[in-house]
Each structure stands twice: as C-alpha cells, then as structure tokens.
Amino acid sequence: MRSTFLGLETARRALVAQQRALEVVGHNIANAGTQGYVRREPVLAATPGYVVETGAGFKRPGTVGTGVEMVRIKRVFDGFVESRIRQAGVSLGFWEGKSDALSQVEAVFGEPSDTGLADALTEFFAAWDELSKRPESIAVRTALVEQAKTLASYFNNELSGLRELARDLDEGIATRVDEINSLAREIAAQNKEIVRITAIGNDPADLKDARDVAIERLSRLINISAFETQDGSVVVQVGSAELVRGDAASELRFESGTLPGEALDPGATELGSQIVWANDGSPVEATGGEVGGLLQARNADVTGYYKDVEQLVTTLADEVNQLHKDGYGIDDALTPTHGIDFFVYDAGRRTLSVNPDLDPDAGGDVAKVAAAAQPGLVGDGSVALAIAGLEDALTMGGDKVSFGGFYQQIVADVGTCARQAAHMAQVHDATLQQYTNNKDSISGVSIDEEMVNLMRYQRAYEAAARLTTAIDEMLDTLINGTGIVGR
C-alpha cells in the first residue's frame, strides 16, 4: 500500500517537473526574437530514493526511486564570449565615431571637384598670369578681383565649416555622455534588484538579460570593462575608475574645449574637449567607443585640419600682399596704390577678403591693383607675373611644397584617414558579428531545437499522466476489489 502511494507521489512529481520544463520551452519560444534574450534550459534531477524495509527488520536489496524534480533553470551563458563582444563593441564604436566625423570633414572640403578650392586656387593664379599679359585691361583686373573673392569665399567656407563641425561633434559627444549616465543608472538599478532576488533564492535571469543589453550598448559608447561579483551585481569600469558598483552609479560630464579659430583671452591656453567625472572634475580615460572616436576626431583631426587651412590662408595672403605692396597700379600718380595689401585677413573673425580699396562692390577701384614694378608703366605686368609665380613657389611645409601641393596634401590626408576609419569599422564590425554568431550558437533560441524539446517533455508529461491513471486503477482494485468474492 505504501509503495502504491509513493508511486502516486512519483507520478505527481513527474507531472510537475515536465510541466515546468514545458513552461521553460514556451518561454524560450516566446522570446526567440527578443534582443539580448539568453536561452533557458531546465535542469532535471532524480529525487533521493529510499530503502524498503520489511516488518521483520530486513531490507530489500537496492533502493526505490521517488521520481524527478526541476532543481533549477539554467541560463545558457558564456561569460568569455560576452566579454569579447564588449571589447569588440568598444573598438567598433571608436572607429564608427571617427569614420562618421571624418566623412563630414570630407563633405566640408568637397574634393576632388571641378568647382572646389583647389580649382579656385589654380584659377586665381591664372588670373594674375593673364593680368601680367594685359595689365592695362580693366576687364582683366575686374576678373582677377572676382576670382580672388571666389577663392576667399572658399577658404572662409572651409574654415567656418570645420568650426561648425567641431561644434556639432561637441553636441554629439555631450548627447552620448547623457546616454552613458542614463545607462549607468539603469545598470545600477538592475544590480539592486538582481541582488535582492538572488538573496531570496530566485534566479533573476530576465533582469540579467536586460543588464547585459545595457552593458553591451555602453561598450559601444565608451571603453568599459565589466565583471560580476559574488552577490550577482556587476562592476563597470571606465579605464581604472568605476562607473557602476552595486546600486551606485557615478556620473560623467562633458566639457567643450576651444573651438577652432576661437579668439582667446590674453594668456589663455587652447583646450580640447574632454569628459570628466562629475564628482571631482578629474579627466575620464575615454579612449574607446563612439565617445573616444569622436573626441579624437574633434580634438586632433578637425582642429588639425582647421589649422592647416588657416596656415594656407595666412601664408597665401602674406605672400601675395608682400609682392603687391611693392607694385603700382594704373595712374598711380593720380591715385596712390603703392604699399597697399591685396588681401585682408581678419584674425578675429578668421575670414579672408579682398581689400575693399580694390573691390568695386565695396566702393573700390580695380585700377589700384598693383601689376607694375614702377609707377606710370601702364604696360608693365612684372609684379602680376611675380604673384602668378607664387603658384609653383615652395612656400608651405617648411618651404618644401607649393600652395596647391599643400592643399592637396590636406585633402589626401583627409581621404586616407576617412578610408582607414571606414575600413577599420568594417573589420571590427565583422569581428563583432563573429562573436555575436558564437553567442547565438550558445545562447540563442533555435526554434527547431525547442520544438524537439517540446515534444520530448510533452511525451514525458503524457507518460506521467498515464502512470497516474495506472496507479489510480491499482488503488481502485486494491480498495474496492479486495475481499469481494463471487463476482
């Protein structure tokens, strides 16, 4: 009789265990498309058996099983693969951020182009060459001034474009810093809840999935490392400092630096944009992720290209002005032109323009353009020829390259760096995809596999139900049929 009741208990346990296993399979199937979901696996184990004793104190050989129970629900997770995914995310975020910034630098330069600054620079020197051949022509002089104004507008557009790009990058970095702070608070809150649930003996698997998604997104934004402590919480570090520990999250703050071309107070030092810890203002080691890539592009690339273009502008203006001041225009005896600049560079506004005295649109006179080496020589174009010769003069890069060559070096460097950043982003994206595929093969939900498990647990449940029916029939025979004779 006792063994019969124990058989019922065994069947009941089997029903409960297989039902819970079916619930786990159903949860997996339901979350097959959920981002960051880690497959669950029911862990079943036989319950302790017992030794049957007879009334005379003898024991039967062996033990009698008591069934099965679900001891836990396993989260199929590989911490090493997850760590590699985060590291790959840091690298991918860095190169994606830098690639995006450099592609915008390329858009500012707009080269190669038939209507870009390089072409305008060539046309500018060609206009001086034409003036050297026809110094008496007002039409040629007017064309020269207009071409010079076009060149100046190209220079100004590139300088202002790079300055605005630096400002846009600052805004983009600040937005990402806000997202980092939000994710840090989210992870800290998840840590708190995970520790609480773990302490009462439950498994907060879904919360851990959500936390892993947040950490993975964080790794795309900034260089982090993360490790889990004994209580189930995760510590997140940026460099050597802690961003999250337990339920406490530190906060980052963005500090914008000096914009390219920004006027500084006397004695002030040009500063780059940076990320600091909000509590003490110390610098954050932001060397990776989108923030790291954008910071490097903003502080090194954009600022560096701005300084290169500005150097080209100021040197061009100085060289042209130096020759122009030594020359003379038409009717210099009536309208003195000797000693005036051709270009005016506003160091405060960082803009280049043609001297208003030479620009008809500003009330000036093109006759004042100095083409002759001596006053009164209307047909002399020697100064104009000397200025035209600046096109091939080695005036840039330590007197090693011409104006056009220097500008081509800038454009080529932008293109090379942009292509390198895009290539590196593709490389690290492929690496991340490989690790992600590895994770999916371990932790991802396979509908085919789950359907096999579904059938397996369903058949086991049906067998346990059949066992219950069989034992019930045995009990009915034992209770209602024993001792009845003659039927």
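Couple of notes before you dig in:
- Positive-end residue of Leu92, Phe406, Ala21, charge dipole of the chain with Cβ unit charges: Ala21
- Positive-end extreme of charge dipole, the chain - chosen from Ala184, Asn223, Gly293 (charges on Cβ): Ala184
- Net charge dipole size for the chain [Lys, Arg +1 and Asp, Glu -1 on Cβ; Debye, nearest 20]: 3960 debye
- Residues in region 147-190 average 38 Å² of solvent-accessible surface per residue, probe 1.4 Å, ligands and nucleic acids excluded.
- The chain: calculated mean residue ellipticity at 222 nm from DSSP helix runs of at least 4, using -39500 (n - 2.57): -19500 deg cm²/dmol
- Modelled FRET efficiency - R0 25 Å, Thr175 with Gln426, Cβ distances, 0.05 increments: 0.50
- 3J(HN,Hα) along region 84-92, derived from phi through the Karplus expression 6.51 cos²θ - 1.76 cosθ + 1.60 where θ = phi - 60°, amounts to 5, 4, 5, 5, 5, x, 4, 5, 4 Hz, with x in place of Gly and Pro.
- Computed E for Ala263/Val213 - FRET, C-beta separation, R0 35 angstrom, nearest 0.05: 0.15
- Take the Cβ atoms of Thr315 and Ser182, set R0 to 41 Å, and the FRET efficiency comes out at 0.30.
- Averaging the sequence gap over all C-alpha pairs within less than 8 Å and six or more residues apart, then dividing by the number of residues, gives the chain a relative contact order of 23 percent.
- Integer Hz, Karplus 6.51/-1.76/1.60 couplings in order for region 72-81, x for Gly and Pro: 6, 10, 7, 8, 6, 9, 10, x, 5, 4
- Residues of region 98-132 falling in the label zone of Glu164, defined by backbone nitrogen less than 16 Å from a point 7 Å along Cα to beta-carbon, are 104-110.
- Here the accessible area of the chain is 51 percent carbon and sulfur, with a 1.4 angstrom probe and all protein chains present.
- Between Asp413 and Gln322, the contour length at 0.36 nm per residue exceeds the Cα-Cα span by 29.8 nm.
- Of the residues Ala11, Leu144, Gly444, the one whose Cα sits farthest toward the positive end of the charge dipole of the chain, with +1 on the Cβ of Lys and Arg and -1 on the Cβ of Asp and Glu, is Ala11.
- Between Thr34 and Thr115, the modelled labels are 5.5 nm apart [label points 7 Å from Cα along Cα→Cβ].
- Helix 447-476 vs. the chain, principal-axis angle (Cα, 0 to 90°, nearest 10): 20 degrees
- Modelled label reach - Asn279, point 7 Å along Cα→Cβ, region 189-227 residues with backbone N closer than 16 Å: 189
- Amide H partners (placed H, <5 Å) of Val401, local residues excluded: Thr395, Met396
- Placing +1 on the Cβ of every Lys and Arg and -1 on the Cβ of every Asp and Glu, with nothing else charged, gives region 418-487 a dipole about its Cα centre of roughly 140 debye.
- Cut-off under 5 Å, modelled amide H: who pairs with Val68 long-range: Ala14, Thr47
- Estimated inter-spin distance, Arg456 and Gln374, nm [label 7 Å along Cα→Cβ]: 10.6 nm
- Matching label, Cα extents along the principal axes in Å computed from the structure shown, candidates [x] 64, 56, 47; [y] 150, 45, 36; [z] 62, 50, 35: [y]
- Scanning residues 5 or more positions from Asp331 or on other chains, those with amide H under 5 Å from its amide H are Gly376, with H placed 1.01 Å from N in the peptide plane.
The values are calculated or read from the model by the stated rules, or taken from the named source; none is laboratory data. No experiment lies behind these values; they were computed from the predicted model shown. Positions of Cβ are generated from backbone atoms using ideal geometry, with glycine treated the same way; all protein chains shown enter the neighbour counts. The accessibility values were calculated without ligands, DNA or RNA, using every heavy atom of the protein model including side chains. Shrake-Rupley method; radii C 1.70, N 1.55, O 1.52, S 1.80 Å.
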